[in-house]
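Visitor: Sending over a structure as structure tokens; questions will come in a sec.
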Amino acid sequence: AQEVKDEEKLYRYKGVLYPRILCPEENLKALESVEAREDDILLAAYPKCGFNWMEGVLTKIMAAGMGKQPQTLKPPLLEFFGPDMIKVLDQAASPRLLGLHLHPDNIPASFYTKKTKMVVVFRNPKDTAVSYFHFSNGNPVLPSQSWETFYPQFLSGDVPWGSYFDHALAWDKKIDDPSVLIVTYEELKQDLSEGVRQISSFLGFSLTDAQIQKISEDSTFKAMKETSASSHGPLGNVFFRKGEVGDWKNHFTAEQSQEMDRAFSKQLAGTRLGARLHY
Ligand code: A3P
């Protein structure tokens, strides 16, 4: 990956940027033929909103609810699988925990027709941008750049998987869909056990208070960072970086902060999801 020049690391598919090495066009095309199952659990999140956190939480909820470890699929995102790997998906035992960063309109249609349960994690735009900036610099498949260069790209949606605001708006429209549960990073930080309880009951698992407590303790930032080298390999520290609400204050200038507030109001004012993305 290091040999690819920064300007060649991203490419556009149907108008949206993707990392070329992990999500070549053939992967995105192959995805269209993924057959969802009614008992799949689909984790959907815009990049850097807490996907890996939630993946850990969901795996633990499933394990507690089923009394055995769920079969975990690698790679973590459907976008990374590619044509041959579709077979692996078809052979995987139910219930499958699947994940993606795609805009809801680009999620394979069968997930909607099968009414697959979707857990969506969202995060306030400023911390998402800061997390994305650090991630882009720490991950060799993404370009490295300064905050001054990255920030306007994030604002205009010229980043892998597209515009944060487009994703938030599209998920807001699904907020009453009984197959969709939207949780936010900030709510989880405030009360993780409440989040675990809510997600478990959405998925139809009745866990004991002790199970919920244990899952919450094992899913704190500290706990997950400690095991990140074994769970995520050499990029463990990049995935589990700081884990806080409000780190944007260390990066945004006052002008950038006001500009993003205006963009947020323009695009998300009056939405129920927008009202939950505190920062
Ligand atoms: P920071 O870069 O702000 O630290 P994703 O998994 O979607 O790539 O999101 C990564 C962000 O989630 C990172 O944010 C990471 O530190 C944070 N994160 C991961 N696990 C977490 C946890 N258990 N609690 C809080 N934040 C967590």
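Visitor: Give LYS48/LYS222; LYS117/LYS174; LYS29/LYS87; LYS48/LYS173; LYS126/LYS214 a once-over and call out the pairs whose C-alpha atoms are over 23 Å from each other.
Guide: Check vs 23 Å cut-off fails for LYS126/LYS214.
Visitor: Report the paramagnetic label zone for GLU3: residues of the range 56-98 whose backbone N is under 13 Å from a point 7 Å from Cα along the Cα-to-Cβ axis.
Guide: none
Visitor: So what is the relative contact order of the range 6-274, in percent, for Cα pairs below 8 Å that sit 6 or more residues apart?
Guide: It rounds to 24 percent for the range 6-274.
Visitor: Something else now. 222 nm [θ] for the chain, helices only, -39500 (n - 2.57) per DSSP H run of 4+, per residue, to 500?
Guide: Roughly -13000 deg cm²/dmol at 222 nm, from the helical runs in the chain.
Visitor: Taking 8 Å as the Cα distance limit and 6 or more residues as the minimum spacing, I'd like the relative contact order of the range 54-152 as a percentage.
Guide: 18 percent
Visitor: To continue, here is another question. Under 5 Å between amide hydrogens, which residues at least 5 positions from LEU277 or on another chain qualify, with H placed 1.01 Å from N in the peptide plane?
Guide: The list, which skips near neighbours in sequence, is empty: none.
Visitor: Next question. Have a look at ASN250, ASN237, ASN27 and tell me which one the Gaussian network model of the chain (Cα, springs below 10 Å) gives the largest fluctuation.
Guide: ASN250
Visitor: In nm, what is the difference between 0.36 nm times the number of residues separating LYS14 and SER257 and their Cα-Cα distance?
Guide: Gain in length upon complete extension: 84.5 nm.
Visitor: Using θ = phi - 60° and the Karplus curve 6.51 cos²θ - 1.76 cosθ + 1.60, what whole-Hz ³J(HN,Hα) does each residue of the range 33-50 get, with Gly and Pro shown as x?
Guide: So the Karplus estimates, Gly and Pro as x, are 9, 5, 9, 6, 10, 4, 9, 5, 10, 10, 9, 10, 7, 5, x, 6, 8, x Hz.
Visitor: If you don't mind, there's one more thing I want to ask. Testing the spin-label approximation: label points 7 Å from Cα along Cα→Cβ at ASP158 and LYS242. State their distance in nm.
Guide: 2.5 nm
Visitor: Let me ask you something else. Between LEU10 and residues 5 or more places away or on another chain, which pairs have amide H atoms under 5 Å apart, with H built 1.01 Å from N, and which residues are they?
Guide: Amide H to amide H, under 5 Å and 5 or more residues apart or across chains, LEU10 pairs with ARG20.
Visitor: Compute the separation of the alpha-carbon centres of the range 210-279 and the range 58-82 and state it in Å as a whole number.
Guide: The range 210-279 and the range 58-82 have Cα centres separated by 22 Å.
Visitor: Give me the net charge of ILE175's neighbourhood, meaning all other residues with Cβ under 13 Å from the Cβ of ILE175; Lys, Arg count +1, Asp, Glu -1.
Guide: Residues near ILE175 contribute +1 overall.
Visitor: With springs connecting C-alpha atoms under 10 Å apart, model the chain as a Gaussian network and identify which of GLU79, GLU55, GLU32 has the largest mean-square fluctuation.
Guide: GLU32
Visitor: Quick one: if you stick a label point 7 Å off each Cα along the C-beta vector at SER144 and SER230, how many nm between them?
Guide: A separation of 3.1 nm, rounded to one decimal place.
Visitor: Further, regarding this structure: By the gyration tensor of its Cα atoms, with a ≥ b ≥ c the square roots of the eigenvalues, what is the shape of the chain: rounded for a/c under 1.5, prolate for a/b over b/c, or oblate?
Guide: rounded
Visitor: Here is a follow-up. Could you let me know the centre-to-centre spacing of the range 117-141 and the range 23-38, using Cα atoms, in angstrom?
Guide: Computed from Cα coordinates, the inter-centre distance equals 22 Å.
Visitor: Hey, another quick one. Considering amide H positions built from the backbone, and no H for Pro or chain starts, which residues 5 or more places from GLY99, or on another chain, come under 5 Å of its amide H?
Guide: It is LEU43, LEU78, by chain and number.
Visitor: Give, as a single signed number, the net charge of other residues whose beta carbon lies under 9 Å from the beta carbon of PHE221, with Lys and Arg counted +1 and Asp and Glu -1.
Guide: Once all neighbours under 9 Å are counted, the net charge is +3.
Visitor: Projecting each Cα onto the charge dipole of the chain (Lys/Arg +1, Asp/Glu -1 at the beta carbon, about the Cα centre), which of VAL57, GLN267, TYR112 comes out farthest on the positive side?
Guide: The Cα lying farthest towards the positive end belongs to VAL57.
Visitor: Ok, one more. Please report, in debye to the nearest 20, how large the charge dipole of the chain is about its Cα centre when each Lys and Arg carries +1 at its beta carbon and each Asp and Glu carries -1 there.
Guide: For this selection, approximately 340 debye.
Visitor: Efficiency by 1/(1 + (r/R0)^6): what FRET value for SER206 and ALA93, r their Cβ-Cβ distance, R0 = 30 Å, to the nearest 0.05?
Guide: E between SER206 and ALA93, to the nearest 0.05, is 0.85.
Visitor: Another question, then. Give me the net charge for the shell around MET85: Cβ to Cβ below 12 angstrom, other residues only, Lys and Arg +1, Asp and Glu -1.
Guide: That works out to -2.
Visitor: Please work out the FRET efficiency for the pair GLU35 and ARG272, using the Cβ-Cβ distance as r and a Förster radius of 35 Å; give the result to the nearest 0.05.
Guide: 0.65
Coordinate-derived values only; no laboratory data. Please read all numbers here as calculations on a predicted model, not as lab measurements. Please note: Cβ atoms are built from the backbone with ideal geometry, for glycine as well, and neighbour counts cover all protein chains shown.
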